[in-house]
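The values are calculated or read from the model by the stated rules, or taken from the named source; none is laboratory data. For clarity, every value in this text was computed on a predicted model and none was experimentally measured. Every residue, glycine as well, gets a Cβ built from its backbone with ideal geometry; the counts of neighbours run over all protein chains shown.
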There are 2 protein chains.
Amino acid sequence: MGQPKSANITWVDGKIQRADREKLLGQRGALLWFTGLSGSGKTAIALDLERRLLQRGKLCYRLDGDNIRFGLNRDLDFSPEGREENIRRIGEVAKLFVDAGVIVAACFISPYRNDRRRVRELFSNPEDFIEIYVQAPLEVCEQRDPKGLYRKARAGEIADFTGIHQPYEAPETPTLTLNTAEESVEQCSARIISHLEACGCLCGNGKPAEDK
Amino acid sequence: MGQPKSANITWVDGKIQRADREKLLGQRGALLWFTGLSGSGKTAIALDLERRLLQRGKLCYRLDGDNIRFGLNRDLDFSPEGREENIRRIGEVAKLFVDAGVIVAACFISPYRNDRRRVRELFSNPEDFIEIYVQAPLEVCEQRDPKGLYRKARAGEIADFTGIHQPYEAPETPTLTLNTAEESVEQCSARIISHLEACGCLCGNGKPAEDK
């Protein structure tokens, strides 16, 4: 990962650790990284998941491409460089949330395999990063067009639109693949819950993560 | 706050709100912004506070200048522009944590009044931003020199060091002023706890924040 710009900084190890926060919350922190075309259903599934987790008393927080660009990443554009820095920062923020013990639902097109790999590599425990490929054919996404973006892209009003002008690189080995042309939102979020149960994220006293 | 770079983004309102998460956690999210010279005691107080809050079953997360520069802000230097962007990003990250319902302890020298004001302005509810001035005379901080940075700065090994080469602009109206030359770490964190109690951050069913 290289050295940060100044060598005159020291890593401060707090007395309170991630495992303490996870014990308090009765869950294990993890990053659910939703990737897929615009209109594939990432946010819809994450919203349903968030609701289900809250009902079970679990803390989930959603990071969303549309939301985060009004704040942290408002200085970035949609060029390849801007997209790369966008994903890098989101990965770093998600890492902080996971360290806080939170289950993060990050919903970003994140079209480039390399950018997603770099986020994965931020986590020393591979169980912390759960890649969820929200899959739907481009035609289906374009028909749904929930924000009217495909229409604008086809009309030339948006440049650099993933799926139209720029490639989407599908994950090669995602943790889960959700086919939203065939599965309902509820079916998809239920599958994620099952995965979280299986890997011990929802067990109050199950297996809190080891601190790095 | 101006417009983000692309107008083709939509603010997504999740079904689950901040108030739902705060109810789950039994607390109100808030940003405790610790500002003061290096060696003034920001991190020591935040660590003690974190421990006390955990003992009361409250979720606190610490953002630290030394820690965050290994991750999110590893691309930034210590020039005035780098410091400004450093604080801007931290403010935006803290805002996300507060929205998640978390009590954030942000420990940063943050020497410029304008940078801190901009962080404050990120929060529509003034109770969300609690400025804590950790005050100690420069001579005291330099004597403590917990990381040996003053020594290096005096020896010319570090440039742009706050208090030596660059100014520290003290807060004009901080929520709390902690004088660490006279008060112990425990006394300081107890005063913060009292403030959090008084403003309803620690009441399980006290007064969850209104969502924006």
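Some notes on this structure:
- Within region A:66-111, the set of residues being among the acidic types (D, E) and either facing another protein chain (nearest Cβ under 8 Å) or touching a Ser or Thr at 6+ places or on another chain (Cβ under 7 Å) (or both) comprises A:D66, A:D75, A:D77, A:E92, A:D99.
- Residue match in region A:101-111 (condition: at pLDDT 95 or above, closer than 30 Å to A:Q187 by Cβ and more than 16 Å from the chain's Cα centre (by Cα)): no
- Residue within region B:143-160 that is buried (at least 19 other Cβ atoms within 10 Å of the Cβ), over 17 Å from the mean Cα position of the chain (by Cα), away from chain A (no Cβ under 14 Å) and among the charged types (D, E, K, R) present: no
- Out of A:E50, A:E81, A:E85, one residue alone is touching a Cys at 6+ places or on another chain (Cβ under 6 Å) and of a type outside the set (A, V, I, L, M). It is A:E50.
- Filtered residues of region A:44-60 (kept if facing another protein chain (nearest Cβ under 7 Å), of a type outside the set (G, A, S) and surrounded by fewer than 22 Cβ atoms within 10 Å (Cβ to Cβ)): A:L47, A:R51, A:L54
- Residue count, region B:54-79 (criterion: assigned to a loop (DSSP other than H, G, I, E, B) and aromatic (F, W, Y)): 2
- Residue list for region A:89-139, restricted to those being free of Cβ contacts under 8 Å to residues at least 12 places away in the same chain and hydrophobic (A, V, I, L, M, F, W, C): A:L96
- Yes/no for A:L63 being more than 10 Å from chain B (Cβ to nearest Cβ), of a type in the set (A, V, I, L, M, F, W, C) and under 23 Å from A:N125 (Cα atoms): no
- Residue match in region A:79-87 (condition: more than 13 Å from the chain's Cα centre (by Cα) and free of Cβ contacts under 8 Å to residues at least 12 places away in the same chain): yes
- Filter result for B:T177 (in a loop (DSSP other than H, G, I, E, B) and out of contact with any Ser or Thr (no Cβ under 9 Å at 6 or more places or on another chain)): no
- Checked against (1) closer than 29 Å to B:Q55 by Cα; (2) at pLDDT 95 or above; (3) surrounded by fewer than 23 Cβ atoms within 10 Å (Cβ to Cβ), A:T10 meets all criteria but (2).
- Scanning region B:24-36 for residues that are of a type in the set (A, V, I, L, M, F, W, C) and crowded, with 24+ Cβ neighbours inside 10 Å gives B:A30, B:L31, B:L32, B:W33, B:F34.
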